[in-house]
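**Q** Provided herewith is a single structure, encoded as structure tokens, for subsequent inquiry.
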Amino acid sequence: MMDLFKNISTFWVRFSDYHIRTADNGKQYLTAVDGATPEMIYPLDNAKQLVLDAVNIGLAIMGKKPRPLIEQDILKFARNYGLLGLMTALPTTPRFMDYHYVYLPKNDFIRAESMETEAYTDLFFPFKKPTYRKDGDYVEWDVEGDVPVQALMLTCHAYTPIAMQMSFLREYAEDIEWQKKVFKSFAFNFLSVFFYYNDPLTEDEKETLRWGMRMFEGSSPTCHIALEGDSPVLVWDFHSLLHAIQMAFAFTLTDPQSPIKICDNCDKAFFASQQDQKFCSDRCGRHYRAKHKNDDK
Ligand SMILES: [Zn+2]
């Protein structure tokens, strides 16, 4: 199954550090800190870990873990993988910057079916709007003085939609409540699968869960074949980290080789290497047995 990810060249960008910052509208956003350096990463190189990290944040939110701890988890996720790329994930096309209007399929964040492109991008630049100069297909960002971002933009130019480039700018920000919704939906879908196969359910309950999974459709990534090296390479065109996680999630959840489970000790999701594995680690197994050693007496 994971071979699907083997010949894949999908990059994303993360900055070396992020923080939570409150905007004039009173909302809290996740954004890169001043002076943080951007770096290209390949998040699907460790697709399983990416999926687990996303699901576990969602489980923590559903389990009502205290807010400061959840925010720490979300910051850690951003420091590992960058922001989710919601700006390009939500519209019908990641090339929406070519048009006056953005069209939005049903989503959890914006109720309008369409918006003026500028008003839409404003949602992701609550602190400072980027300025750019367009010359045919060539776009130049005003990132004067910001050498690391300048260098990054040069490497991106040829291949990536403008909106995707914009989401790699230092000023790009994502509403932390939106991020929480995304993580929660991963956990919800994970739990649906988990309960479907692990709990005795009535036919009605099963139908509800099946229906829940159908909600997990959204927009799908496309792919193309690149002729490189000795053999052709399948290249997935993700325009957001969110879509990359969604696809990795779908593949990992349907992989019979390594079932995803919940640890009996710490309640976190993990991939089991054996069907009857109950704990995410030896450490959790030891803790659990220590806690329960007097249970049978
Ligand atoms: Zn555990």
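**Q** Checking the cross-link filter: which lysines have an alpha carbon closer than 21 Å to that of K106, excluding same-chain neighbours under 8 positions apart?
**A** List returned: K180, K181, K184.
**Q** How far is helix 67-81 tilted off the main Cα axis of the chain, in degrees rounded to 10, range 0 to 90?
**A** The angle comes out near 60 degrees.
**Q** Name the residues of the range 18-39 whose amide N is less than 20 Å from a point 7 angstrom out from the Cα of F109 along the C-beta direction?
**A** Counting only backbone N, you get 18-33.
**Q** Roughly speaking, what is the stretch gain from K129 to Q28, that is 0.36 nm per residue apart minus the C-alpha to C-alpha distance, in nm to one decimal?
**A** Numbers: separation 101, 0.36 × 101 = 36.36 nm, distance 1.68 nm.
My answer for the length gained is 34.7 nm.
**Q** If amide H atoms are built 1.01 Å from N in the plane of the peptide, which residues on other chains or at least 5 residues away come under 5 Å of the amide H of C223?
**A** Close amide H contacts, sequence-distant or interchain: D237.
**Q** To the nearest 20 debye, what is the magnitude of the charge dipole of the range 1-152 about its Cα centre, counting +1 on the Cβ of each Lys and Arg and -1 on the Cβ of each Asp and Glu?
**A** Working: 17 positive and 21 negative charges, 152 e Å.
The calculation lands at about 740 debye.
**Q** Need the list of aspartates and glutamates near K65 for cross-linking: C-alpha distance under 20 angstrom, and skip anything on the same chain fewer than eight residues off.
**A** Partners within reach: D53, D73, D175, E177, D264, D267.
**Q** Residue separation times 0.36 nm, minus the C-alpha to C-alpha distance between F11 and T37: what's the value? Don't jump to the answer; show the numbers that get you there.
**A** Numbers: separation 26, 0.36 × 26 = 9.36 nm, distance 1.61 nm.
Difference between extended and current length: 7.8 nm.
**Q** Separate question: Against the longest principal axis of the chain, how steep is helix 203-214, in degrees 0 to 90 to the nearest 10, with axes from Cα atoms?
**A** For 203-214 against the chain, the angle is about 20 degrees.
**Q** Sticking with this one: Across the range 1-126, what fraction of all alpha-carbon pairs, as a whole percent, falls in each successive 5 Å bin from zero upward?
**A** Spelled out bin by bin, the range 1-126 gives 2, 9, 15, 17, 20, 20, 13, 4, 1, 0 percent.
**Q** Next up: Quote to one decimal, in nm, the extra length available between D45 and E203 on full extension: 0.36 nm per residue of separation minus the C-alpha distance between them.
**A** Numbers: separation 158, 0.36 × 158 = 56.88 nm, distance 3.84 nm.
Gain on stretching D45 to E203: 53.0 nm.
**Q** What order do you get for 175-187, 233-245 when each peptide is scored by the mean count of other beta carbon atoms within 10 Å, highest first?
**A** On the way: 175-187: 19.2, 233-245: 21.5.
The packing order, highest mean first, is 233-245, 175-187.
**Q** Considering the Cα trace of the range 2-257, what is its radius of gyration and what is Dmax, both in angstroms?
**A** Gyration radius and largest Cα-Cα distance of the range 2-257: 18.8, 62 Å.
**Q** Continuing with this model, one more query. Roll a 1.4 angstrom probe over the protein heavy atoms and tell me the percent of accessible area of the range 2-257 that is carbon or sulfur.
**A** Numbers: 7100 of 13710 Å².
On the range 2-257, the fraction of accessible area on carbon and sulfur atoms equals 52 percent.
The values are calculated or read from the model by the stated rules, or taken from the named source; none is laboratory data. Remember, predicted model here, so these are calculated numbers, not experimental data. Note that we place each Cβ from the backbone using ideal geometry, even for glycine, and neighbour counts take in every protein chain shown. Keep in mind that these areas ignore ligands, DNA and RNA; they rest on the heavy atoms of the full protein, side chains included. Shrake-Rupley method; radii C 1.70, N 1.55, O 1.52, S 1.80 Å.
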